[in-house]
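Worksheet: one structure, shown below.
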Amino acid sequence: MDLHDHGLASDLEMMRQQAAERRQVLRWLLAGAATLPLMSCGGGSDASGTAASSGASTGTSGSAGSVTIPAAGACTVIPEETGGPYPADGTNTHGGSIINVLNQSGVVRSDIRASFNGATGVAAGVPLTIKLQLLNASGGCASLAGYAVYLWHCDRDGLYSLYSSGVTAQNYLRGVQETDSAGKLGFTTIFPGCYAGRMPHVHFEVYPSLAKAASAANRIKTSQFTFPMATLNEAYTASGYTASVRNLAQTSYATDNVFADGTSLQMATVTGNATDGYVVTLTVAVNG
């Protein structure tokens, strides 16, 4: 049976079925464990200590890892920004057709480098891991578990899948993820290029649940984030980013139509290098 046109609803149903199967297996394992002799207290303590010390590395592939949480009540809502002309969330058209990646099966994924739902292209570029944490600015900056983020950005040539000439048949560098119990999620992607007129950036929309991410009408925040200039200059020394070097030299945060009013809440923290790749983290406060 072809599931490619069933969209996010089909993905959610498959995920629910898989979760039910995992719970059944867990019940069998627990039932068997109940008949085994107890481990010594010392062994249990060691195992617990090991798990606690490695908690950041034992999360799911979509986990955002370690993100610094502001003091209670200290977070500020990230600015509302334009989704731009290439959102592919069903809110605009291209070539006379509505473009909506949210209704395509497979859009819920952490690795967004490859196209999906029948498309086969893969975006090349410097590896980039994006780690976000959602906080409730109207609720004491508590973590927002079970929320969802739809994230997209251009490729290293400054082109947007589904819209730009040459990549209209691709849907790479787009994906949806659900926050974990700590409000964290993550994406594996490539470092975006710099196209004329804009500072390099990543778009995202926040939804109150994974199910509601199937429709852009349910989004509660649309925003963008950017990268430190030192990181941009270093990243664009990598192969394939020649045009980005030229375009970056002709723009600035001060002249950018999104970041000209400030970047304090939209400037990602970055580690890594252009050879091994980068990890960026950002805390995103919304009114949950």
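Considering only segment 136-149, I want to know if a residue exists there that is over 21 Å from residue 224 (Cβ atoms), aliphatic (A, V, I, L, M) and in a loop (DSSP other than H, G, I, E, B).
yes
Which of the residues that make up segment 269-281 are out of contact with any Pro (no Cβ under 7 Å at 6 or more places or on another chain) and either charged (D, E, K, R) or surrounded by fewer than 20 Cβ atoms within 10 Å (Cβ to Cβ) (or both)?
269, 271, 272, 273, 274, 275, 276, 279
Quick one: which strands (runs of 3 or more DSSP E) sit completely within segment 184-262 and have at least 1 residues that are of a type outside the set (Asp, Glu) and within 16 Å of residue 80 (Cβ to Cβ)?
Correct list: 202-207, 221-225.
Identify, please: which residue in segment 108-133 is under 24 Å from residue 275 (Cβ atoms) and aliphatic (A, V, I, L, M) and is, among those, most open to solvent (accessible area, probe 1.4 Å)?
Once the filter is applied, the top-ranked residue is 122.
Do you know which residues across segment 223-260 are open to solvent by 10 Å² or more (accessible area, probe 1.4 Å) and in contact with a strand residue (DSSP E or B) (Cβ under 9 Å, 6 or more places away or on another chain)?
Across segment 223-260, the qualifying residues are 228, 230, 231, 234, 253.
Residue 64 versus (1) surrounded by 11 or more Cβ atoms within 10 Å (Cβ to Cβ); (2) modelled with pLDDT of 95 or more: which is the lone unmet condition?
Condition (2) is where residue 64 drops out.
Any idea which residue in segment 180-198 is most open to solvent (accessible area, probe 1.4 Å), counting only those that are more than 13 Å from residue 130 (Cβ to Cβ) and of a type outside the set (D, E, K, R)? First the steps, then the outcome.
If we filter segment 180-198 for residues that are more than 13 Å from residue 130 (Cβ to Cβ), which is where we start, we get 180-183, 193-198.
Restricting the remaining residues to those that are of a type outside the set (D, E, K, R) gives 181-183, 193-197.
Numbers: 181: 109, 182: 32, 183: 0, 193: 2, 194: 4, 195: 53, 196: 73, 197: 56 Å².
Of everything passing the filter in segment 180-198, 181 is most open to solvent (accessible area, probe 1.4 Å).
Which condition number in (1) under 15 Å from the mean Cα position of the chain (by Cα); (2) at negative phi is the one that residue 235 fails?
(1)
Give me a count of the residues in segment 123-169 that are over 30 Å from residue 248 (Cα atoms) and of a type outside the set (A, V, I, L, M).
Counting residues in segment 123-169 that are over 30 Å from residue 248 (Cα atoms) and of a type outside the set (A, V, I, L, M) gives 8.
Do you know which residues across segment 162-183 are assigned to a loop (DSSP other than H, G, I, E, B) and more than 30 Å from residue 240 (Cα to Cα)?
179, 180, 181, 182, 183
Taking segment 268-288, which residues are more than 24 Å from residue 140 (Cβ to Cβ), in a strand (DSSP E or B) and among the hydrophobic types (A, V, I, L, M, F, W, C)?
270, 279, 280
The values are calculated or read from the model by the stated rules, or taken from the named source; none is laboratory data. Keep in mind that what you see is a predicted model, and the values were worked out from it rather than measured. All Cβ positions, even for glycine, are placed from backbone atoms using ideal geometry, and neighbour counts span all protein chains on display. Accessible surface areas use protein heavy atoms only, side chains included; no ligands, DNA or RNA. Shrake-Rupley method; radii C 1.70, N 1.55, O 1.52, S 1.80 Å.
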